[in-house]
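Everything below concerns the one structure shown next.
The values are calculated or read from the model by the stated rules, or taken from the named source; none is laboratory data. Quick caveat, the model's predicted, so the values are computed rather than measured. Cβ atoms come from the backbone with ideal geometry, glycine included; neighbour counts cover every protein chain shown. These accessible areas exclude ligands, DNA and RNA; they are computed on the full protein's heavy atoms, side chains included. Shrake-Rupley method; radii C 1.70, N 1.55, O 1.52, S 1.80 Å.
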Amino acid sequence: MHRYVARANVDHYIARLNGSDLTPYNRSTITKMLIAEEDKLSHDLEHLDFAENRAANGRARVDHVRNLREGFAFGTSEREQADRLLVNIENLQIRLEEFCHRLREKINSRGL
């Protein structure tokens, strides 16, 4: 049951972090909560597939937001907002990739 809750929390926090309406304080707080949930899952190697799926989805999201941003003219408020959103999405992606990397390292160190 706790694994289900941790996975649901990870998905919830990812969804929140993908938004553009968070203050820096709230973004930092939710990121810390995401890290705590990932840490709960990092003890079980069976969660690697879950983590890799979230990272793959994140890579697609980064590409999508980057493409949308290109549709706005330089110097406009829309472009600036899209730039901020892209930075947030890229930072989240780094977090997701690090989670996968930690799980892969555990697998490699155990020689599975």
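List of remarks:
- Residue, farthest from His101 (Cα to Cα), within region 1-47, restricted to residues that are β-branched (Val, Ile, Thr) and in contact (Cβ under 8 Å) with a residue 12 or more places away in the chain: Ile30
- Residues of region 31-51 satisfying the condition of being more than 11 Å from the chain's Cα centre (by Cα) and either of a type in the set (Phe, Trp, Tyr) or closer than 22 Å to Asn88 by Cβ (or both): Lys32, Met33, Ala36, Glu37, Asp39, Phe50
- Selection of first residues in region 48-64 that are charged (D, E, K, R) and of second residues that are surrounded by fewer than 17 Cβ atoms within 10 Å (Cβ to Cβ), restricted to Cβ pairs under 9 Å at least 6 apart or on distinct chains, gives the following pairs, ordered by first then second residue: Glu52/Arg104; Arg54/Asp11; Arg59/Glu97; Arg61/Asn18.
- Qualifying residues in region 92-106 (those that are in contact (Cβ under 8 Å) with a residue 24 or more places away in the chain and open to solvent by 40 Å² or more (accessible area, probe 1.4 Å)) - the one farthest from Val10 (Cα to Cα): Lys106
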